Amino acid sequence: MSKQRPLAITLTLVILTIFGWSSSASDDWPQFRGPNASGVSNNPGDTNLPINFGPDQNVVWKTPLPAGHSSPVLTDNRIFITAYETDKLLVICLDRANGKILWRREIPKSRSQELHKSNSPASPSPVTDGQNVYAFFTDFGLISFDRDGKERWRLPLGPFNNPFGMGSSPVLAEDNVLVNCDSETDSFFVAVDKNTGKIKWRVERPDATRGFSTPILLQPAKGGLQALVAGSLRLSAYDVATGKEVWFIRGLTWQIKPTPVFGRDRLYILGWAGGADPGQQEDVAPFDEALKKFDANKDGKLAREEVTDPKVSRDWSNLDLDRDNTLNERDWRAYRAKRSVQNGVLAYRIDRQKEMRGDLTESHFLWRYQKTLPNTPSPLFYKDTLYLMKESGILTSLDPANGAVLKQGRLREAPGDYYSSPVAADGKIFTISEEGKVTVLKAGGDWEVLATNDLDDICHATPAIAGGKIYLRTRNTLYCFGKREQAILNNN
């Protein structure tokens, strides 16, 4: 039976993860993209990973599952995952050794919120402390079960005004479950006591609109643990104990899907949003000037029929954030920002030994890269190289010191869309297209394709790596892949 890690060990693991010396000191994968959302395992046991695998090759086990976009999370002997069926939300626990379903808990949907076609009611990945699991759903909120499936507590949250549905996954920090809930209106970041389900603090984020990035953690040499949240226009570092903003970075794009990553003493923030590539910016007049020009009835708001600008009319549904059929000052301020910001990968210096306070936008900036940017997949920092996995199967490796392109190429056997984020271990990188084509690459600035495997099913989930095995979820199946000898031993 696994034991909960003492706080000191947990913080040590966070520090190691952040600065690239090690991403895990144990044989687990506890949250979205593993330790601190890095997507990397440096666990000594994660070697000799298979290069070639598929539905009938190097399969340790495979288990049919209901639909869902969330990724599996692993303890020493359990796997937790979320799913959905019609009007039910599901938390499922499997035996890690053989893939057998140990228990399944159904949570009635209290509502059915609007979702983008590429999203699902079970998109955020759960998180585990090794004993319990914590799951977040767009149509419900937070819920926790113990390892045997007994409900510990539930905390309804929402409804959320996010036209794409929620995507940020919960993370654990000390005794808190942290959840970022960015929407068009009423955005907030919340800390919940993991033992009781009671809210410890809640921070409003009034300038944040829809966002999907998962928080990551930073432990400075002095001071408390910090949670970093990338959202509209800004990344904020919050003190985990109090919820107070400690420092921030401006200049992000208006909608953030990927999760930032650390690479030794640097932070890399990726953001791509429609209409924000270089050269697409516009100078939008301030709200008071717009009122003078369009506000015919002088009520201090802009009705749709009052605005004669065709660009505003075409994008009205995205500009009217609170959906009251008028544009108020906040709506217009977000519109101005949306038309002024630029997409890019931003690199910032992290001075863990020094106190970081306030606005670090200029003082800690290192470089910006703005070409061939992914929409959804998070960047990957592995073996002193930064990787970007873009739609159409375009993989770019960057020099993390200056943002220079080391290599860029198309994965010709795996074109199409990408929602899964790349992960790495054993000197290999694993990427998965929506069509279920898994490309295995030799890591390095001059990366090379080792194999392309076909899972013959749709895939949105990000893989997990632990114990020398790869865990992959498709639309209908959860797979555990390992070298042939592992599969033979398991099947005997």
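Just so you know, all these numbers are worked out from the coordinates, no wet-lab data involved. Quick caveat: nothing in here was measured; it's all calculated off a predicted structure. When we count neighbours, we look across all protein chains shown, and the Cβ atoms used for this are built from the backbone with ideal geometry, even at glycine.
Label points 7 Å out from Cα along the Cβ direction at residue 186 and residue 102: separation in nm?
Going by the 7 Å Cα→Cβ label model, 3.7 nm.
Based on the Cβ-Cβ distance from residue 435 to residue 365, what FRET efficiency comes out when R0 is 41 Å, to the nearest 0.05?
Approximately 0.60, to the nearest 0.05.
Where the centroid of each part is defined by its Cα atoms, how far is region 305-319 from region 162-200 in Å?
That distance is 33 Å.
Near residue 354, which lysines are there with a Cα under 29 Å away, not counting those fewer than 8 places off in the same chain?
The reachable lysines, counting only those whose Cα sits under 29 Å from residue 354, are 200, 222, 244, 383.
Straight distance only, please: which lysines reach the Cα of residue 298 with their own Cα at less than 25 Å, same-chain residues fewer than 8 apart left out?
Within the straight-line cut-off, residue 298 pairs with 311.
Enumerate the aspartates and glutamates that residue 292 could reach by cross-link, defined here as Cα to Cα under 16 Å, with residues fewer than 8 away along the same chain left out.
Partners within reach: 305, 306, 309, 329.
Fewest Cβ neighbours within 10 Å first, please rank 383, 222 accordingly.
Ordered by Cβ neighbours within 10 Å, fewest first: 222, 383.
Of 65, 455, 30, which is farthest towards the positive pole of the chain's charge dipole, taken about the Cα centre with +1 and -1 on the beta-carbons of Lys, Arg and Asp, Glu respectively?
After comparing all options, I get 30.
Quick one: if you stick a label point 7 Å off each Cα along the C-beta vector at residue 402 and residue 353, how many nm between them?
2.5 nm
In a solvent-free Debye calculation with one equal scatterer on each Cα, what is log10 I(q)/I(0) for region 370-492 at q = 0.13, 0.18 Å⁻¹, listed in the order of the q values?
-0.50, -0.92
Using the number of other C-beta atoms within 10 angstrom as an exposure proxy, rank 311, 428, 117 with the fewest first.
If I rank by nearby Cβ atoms, fewest first, I get 117, 311, 428.
Beta carbons within 10 angstrom, averaged per residue: use that to sort the peptides 352-365, 451-464, 330-343, 192-205, highest first. It would help to have the intermediate numbers written out before the result.
Details: 352-365: 13.3, 451-464: 20.9, 330-343: 19.2, 192-205: 15.9.
Going from most to least packed, we get 451-464, 330-343, 192-205, 352-365.
Could you sort the peptides 89-97, 162-170 by per-residue average Cβ neighbour count (10 Å cutoff), highest mean leading?
Per-residue mean Cβ counts within 10 Å order the peptides as 162-170, 89-97.
Rounded to whole Å and ordered largest first, report the semi-axes of the equivalent ellipsoid of region 297-394 derived from its Cα gyration tensor (root of 5λ).
Here the semi-axes work out to 38, 20, 10 Å.
State to the nearest 20 debye the size of the charge dipole of region 402-488 about its Cα centre, where the only charges are +1 on K and R beta carbons and -1 on D and E beta carbons.
About 200 debye.
I'd like the projected area of region 69-143, averaged over all directions, using the convex hull of its alpha carbons. Report it in nm² with one decimal. Each step should come with its number before you reach the end.
Working: hull surface 19.5 nm².
Convex hull of Cα atoms, orientation-averaged projection: 4.9 nm².
Would you please state which residues of region 246-286 a label at residue 118 would reach in this model, taking the label point 7 Å out along Cα→Cβ and a backbone N cut-off of under 15 Å?
The answer is 255-259, 271-276.
In this model, which of 62/100; 62/483; 117/437; 257/338 are farther than 18 Å apart at the alpha-carbon?
117/437
I'd like the distance separating the alpha-carbon centroids of region 35-69 and region 213-278, in whole Å.
28 Å
How do 103, 254, 153 rank when sorted from fewest to most other Cβ atoms within 10 Å of their own Cβ?
103, 153, 254
As a test, work out the antiparallel percent of DSSP beta bridges whose residues both lie in the chain, rounded to the nearest 5. Working shown, then result.
Details: 115 of 118 bridges.
The antiparallel proportion sits near 95 percent.
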